[in-house]
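Notes to accompany the following structure.
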């Protein structure tokens, strides 16, 4: 008689989920904290923009970008489970990659929005004045 094999519910002959059990899997509490922080970090910039809390739009943009950067960190910690423990250098490499990618995306977005505002809004303003003159 052969020894019984250890099968999980998927019919595989092992108990892990495709990776080692030494990594930190988030608890429900961690995910709830991450979700609540994400909602707050989304709602505050939305409120700032919709209620025009700052006189200058550049100040609003800087504050929204700061909230975006904090939200990326929240996602890295609470959802991607990145912490100070190095896993063969991959955590540091992933962090550097994330920072570079974040810089490219945020600066590119600001650049595109600035140039679209500068190049499209003056013609829209002139059209409104021309329409008023026609009446």
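Take the residues in segment 51-61 that are at pLDDT 90 or above and part of a helix (DSSP H, G or I), then tell me which one is nearest to the chain's Cα centre (by Cα). Walk me through it before giving the result.
Taking segment 51-61 and keeping what is at pLDDT 90 or above, we get 51-56, 59-60.
Pick out the ones that are also part of a helix (DSSP H, G or I) and you get 59-60.
Values: 59: 20, 60: 18 Å.
Only one residue tops the list, namely 60.
Within segment 33-54, how many residues turn out to be under 16 Å from residue 72 (Cα atoms) and surrounded by 12 or more Cβ atoms within 10 Å (Cβ to Cβ)? Full working, then the answer.
We begin by selecting, within segment 33-54, every residue under 16 Å from residue 72 (Cα atoms); these are 33-45.
So of that shortlist, the ones also surrounded by 12 or more Cβ atoms within 10 Å (Cβ to Cβ) come out as 33-38, 40-42, 44-45.
Within segment 33-54, residues that are under 16 Å from residue 72 (Cα atoms) and surrounded by 12 or more Cβ atoms within 10 Å (Cβ to Cβ) number 11.
Taken across segment 26-46, residues that are touching a helix residue (DSSP H, G or I) at 6+ places or on another chain (Cβ under 9 Å), farther than 30 Å from residue 118 by Cα, assigned to a loop (DSSP other than H, G, I, E, B) and modelled with pLDDT under 85 do occur, with at least one present.
In this structure, is residue 91 more than 17 Å from the chain's Cα centre (by Cα), part of a helix (DSSP H, G or I), surrounded by 14 or more Cβ atoms within 10 Å (Cβ to Cβ) and modelled with pLDDT under 85? Full working, then the answer.
Working: more than 17 Å from the chain's Cα centre (by Cα): yes; part of a helix (DSSP H, G or I): yes; surrounded by 14 or more Cβ atoms within 10 Å (Cβ to Cβ): yes; modelled with pLDDT under 85: yes.
Taking the combined requirement at face value, the residue satisfies it.
The values are calculated or read from the model by the stated rules, or taken from the named source; none is laboratory data. Just so you know, these numbers come straight off a predicted model, no measurement behind them. For neighbour counting, all protein chains shown are included, and Cβ atoms are generated from backbone atoms with ideal geometry for every residue, glycine included.
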